[in-house]
Amino acid sequence: MIDYYQPVEINIVSAQDLDSVNLLFRPTVYVSVSVTRGSRDKQVTPAAVCGKKLLRWNYSMKFYIEDDKIQRNESVFVFQIKVKKFYGSKEVVGKLYVPVKQLLHLNEEKTITEHTKIDYQVITESGKPKGCICLGFSFGSVFKGQITGCDSDSNARVREDCRLGVWGTIRGVPSAPCEDDIYA
């Protein structure tokens, strides 16, 4: 099946004032990024460089999202800030949901450019605001193509190296796909 795809590059710059992260013990703090509809892709940053109250990544990721899912406002970026404790357990210390269509609209209005950094309020698992994350976004040109090895049927088995596709219908609150963490 030939679809139209919108390339989106995200730069995860930094996070600050995440009080639930005890930087004294130098934990492994990383960000897991996924898209609710329009892409099966999920990416994870390397461990953050920890300052006194600032976590720095300055890490870029590229996603290819089905353009029709963006236009129908179905695609949402899901950012999860996670901490891996020294004994191996993982904890989500902050979340952020950003509709891709909203970013595309800001990009079309020239409100954001590839050099614009945006601070977003992060929420905890309980829904309380806690700290912020600084992100940059850049959009490429929409292209038409067929992605080899990817099937847009949500029940299809997708090759491991497949970076594009669609997952099943998600209703209500955006949720991330199951995590196959590189920090396992």
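Whenever you get a sec, compute what percent of the accessible area on the stretch 22-144 sits on carbon and sulfur atoms (1.4 Å probe). Walk me through the intermediate numbers first.
On the way: 3160 of 6260 Å².
That share works out to 50 percent.
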Per-residue accessible area for residue 92 at 1.4 Å probe radius, Å² rounded to 10? 40 Å²
Cross-link reach from residue 42 to lysines, straight Cα distance under 26 Å and at least 8 residues apart if same chain, gives 62, 69, 82, 84, 85, 90, 95, 101, 117, 128, 130, 144
Spacing of the two label points (7 Å from each Cα toward its C-beta) at residue 144 and residue 116, in nm: 2.9 nm
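For an R0 of 25 angstrom, estimate the FRET efficiency from the Cβ-Cβ distance between residue 2 and residue 102 and round to the nearest 0.05.
Details: r = 27 Å, r/R0 = 1.08.
With a Förster radius of 25 Å, E is 0.40.
Quote to one decimal, in nm, the extra length available between residue 49 and residue 72 on full extension: 0.36 nm per residue of separation minus the C-alpha distance between them. Mind dumping the intermediate values first?
Working: separation 23, 0.36 × 23 = 8.28 nm, distance 3.73 nm.
Contour length minus the Cα-Cα distance gives 4.5 nm.
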For residue 37, the accessible surface traced by a 1.4 Å probe with all protein chains present amounts, in square angstrom to the nearest 10, to 40 Å²
Between residue 61 and residue 109, what is the spin-label point distance in nm, taking each point 7 Å from the Cα along the Cα→C-beta axis? 2.6 nm
Take every Cα-Cα distance within the stretch 1-132, group them into 10 Å bins from 0 onward, and report for each bin the whole-number percent of pairs it holds. 12, 41, 33, 13, 2, 0
Taking the solvent-accessible surface of protein heavy atoms with a 1.4 Å probe, what is the per residue accessible area of the stretch 72-125 in Å²? 56 Å²
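The values are calculated or read from the model by the stated rules, or taken from the named source; none is laboratory data. Just so we're clear, the structure is a prediction, and the values are computed from it rather than from any experiment. Note: ideal-geometry Cβ built from the backbone for every residue, glycine included; neighbour counts use all protein chains shown. Just the protein is used for accessible areas: all its heavy atoms, side chains included, with ligands, DNA and RNA removed. Shrake-Rupley method; radii C 1.70, N 1.55, O 1.52, S 1.80 Å.
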